[in-house]
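Read through the structure below, which is laid out as structure tokens, and then see the notes.
The values are calculated or read from the model by the stated rules, or taken from the named source; none is laboratory data. Predicted model only: the values in this text are computed from it and were never measured. When we count neighbours, we look across all protein chains shown, and the Cβ atoms used for this are built from the backbone with ideal geometry, even at glycine. SASA here: full protein model, heavy atoms, side chains in, ligands and nucleic acids out. Shrake-Rupley method; radii C 1.70, N 1.55, O 1.52, S 1.80 Å.
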Amino acid sequence: MAYGEGGYKRSVWIPVVAVVLLLVIFVRPSSCSNRMATPASVEATLLSDAKYGRLLTTIKETYPDEMRRFVDHVTALIRNGASGTELSAENQKFMVAAAERHVRALIQAPAADLLAMNRAEALMVADLRKNSIDICAQYSQGGFRPGSTLPASADALSTELAIARWKASAAGRDRPANIKIAAELPENEYRTLAEGMRRGGLAPGDLDAFEHGRAATLPPAGQCNVVYHLTQALIAMPDEQELRFTRWLLSQEPAVPAQR
């Protein structure tokens, strides 16, 4: 990690760990793909979708206003004749922004919800590392790109991850932990995570690149290994330390004002 006045520079961590859970939803409601689509017909199709129905049901149950906005957004796209590619890209942007509107609530989620979210992410990253190094590397550098095709197993795990995040955000809204988040973490906290990544088997060169903010310059396998060992080291920490790290990492995500 790059060392500067006051300890390790926070900016070094953001390119890798701000990947935390960028939502990707590639929804093409084929039965509603015409200019006569209505919000009711689009919502019914979305909620019954085999791949994303459970996620969208979770959003409807936890943040009904967000679901209403999303349905209206998809309906307008369909009525305007958007292609499948356009729908994927626009839906991703919409859902990422929706998730970011609830970052503050997510930071204050109860411990059990944040720990469950981290484990869901670790499972997904491990699957990507096994089945698609390139997509794993892409995730490590800011999230999945529109049009990316995840292996079926990782796709299912990404849905579980998204569900965990929405549930945690709602729990933080309804039952906030009211934890004060430090502007910086102590140097020993960073050392603990880096040491955990080293013990887990991250190659010295990859760890050095991560510590000095150069993970983006690594080849795909190196980028994937960094995010894999990062997520594994995080969930291997004692719960209290993992929670401190998680809340701090989430505090580095952009917080978008909630819509009314």
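Taken one residue at a time, the phi angles of region 219-224 give Karplus couplings (6.51, -1.76, 1.60, θ = phi - 60°) of x, x, 4, x, 4, 5 Hz. Gly and Pro are set to x. Two numbers describe the Cα atoms of region 34-138: Rg and Dmax, which are 16.0, 45 Å. Computed from backbone phi with θ = phi - 60° and the Karplus coefficients 6.51, -1.76 and 1.60, the 3J(HN,Hα) list for region 122-129 is 4, 5, 5, 5, 4, 5, 4, 4 Hz; x is used for glycine and proline.
Measuring with a 1.4 angstrom probe and ignoring ligands and nucleic acids, Y63 comes out at about 20 Å² accessible. Listed cross-link partners K60/K167; K130/K167; K51/K93; K60/K130 are compared with a 22 Å cut-off, the Cα-Cα value being larger for K130/K167; K60/K130.
R173 exposes around 110 Å² of accessible area when a 1.4 Å probe is run over every protein chain in place.
Ordering I78, I179 by how much accessible area each has at a 1.4 Å probe, largest first, what is the list?
Highest to lowest solvent-accessible surface, that is I179, I78.
Using packing as a proxy for protection, rank 214-223, 101-110 so that the peptide with the highest average count of other Cβ atoms within 10 Å comes first.
Going from most to least packed, we get 101-110, 214-223.
Here's how it looks for G213: its modeled amide H is under 5 Å from those of A2, which are all 5 or more places away or on a different chain. According to the Cα-based calculation, Rg over Rh for region 117-219 is 1.01, with Rh computed by the Kirkwood formula. The 3J(HN,Hα) values that the Karplus relation (6.51, -1.76, 1.60; θ = phi - 60°) gives for region 56-72 are, in residue order, 5, 5, 4, 5, 4, 6, 9, 9, x, 5, 5, 5, 4, 5, 5, 4, 4 Hz. Gly and Pro appear as x.
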